[in-house]
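Participant: Okay, here's the structure, questions in a sec.
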């Protein structure tokens, strides 16, 4: 039964326009085309939304309405922040530039909900270059809509760069794949690109290539594999203080 619900939830149509909301400086992109109303049928999703909605001030953010309006790509993009902390423990919220973007059946309702929430948190609406600008952790957060694509992007710099919509390889993948991946890997100054997608539950395709014509993709791929560092087997003492 859960599998049937999951299959139904990921039947939405892919849409490459979502890449208009992904800054070209992002390193990793994952997109799954979902139907929000089907996603809301999962008990864990319901519990999570109820938990968040009951937190102070978050009742102003119509999270259930936002999720229900999704009908297409639900996309997250990440890149290490240039202002990453030097602490040994990774802080996901502070150490990454992040974009959340989705195809919505009612983008204006989503924007209105976000503006109401931001105002409740003491951040009145401020618009610049067609984007609503807020702050999170001292860094700018850009919120807006491009057609039916709504997005929220936190960067450690002013958003001046282009988007992945100008990347023909990424555009082709995300226009045709309900589940798509795009990953950049740096190897001694050479960028290798993983570009994969699944067109159905049983069919998928992808490619690995380098951004420099003189590089051998096979050698770069092997360098990436050999550069992967596996964590050592954890010591039993590491869990002594865990409950």
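The values are calculated or read from the model by the stated rules, or taken from the named source; none is laboratory data. Please read these numbers as outputs of a predicted model, since none were measured by experiment. In this analysis, Cβ positions are derived from the backbone assuming ideal geometry, glycine residues included, and neighbour counts consider all displayed protein chains.
Participant: From the list 11, 27, pick out the single residue that is modelled with pLDDT of 90 or more and in contact with a strand residue (DSSP E or B) (Cβ under 8 Å, 6 or more places away or on another chain).
Facilitator: 27
Participant: Looking only at segment 103-122, how many residues end up being part of a loop (DSSP other than H, G, I, E, B) and farther than 18 Å from residue 57 by Cβ?
Facilitator: Here the count works out to 2.
Participant: Still on this structure, I have one more. Scan segment 41-62 residue by residue and report those that are outside any loop (DSSP other than H, G, I, E, B) and touching a residue at least 40 places away in the same chain (Cβ under 8 Å).
Facilitator: Result: 58, 60.
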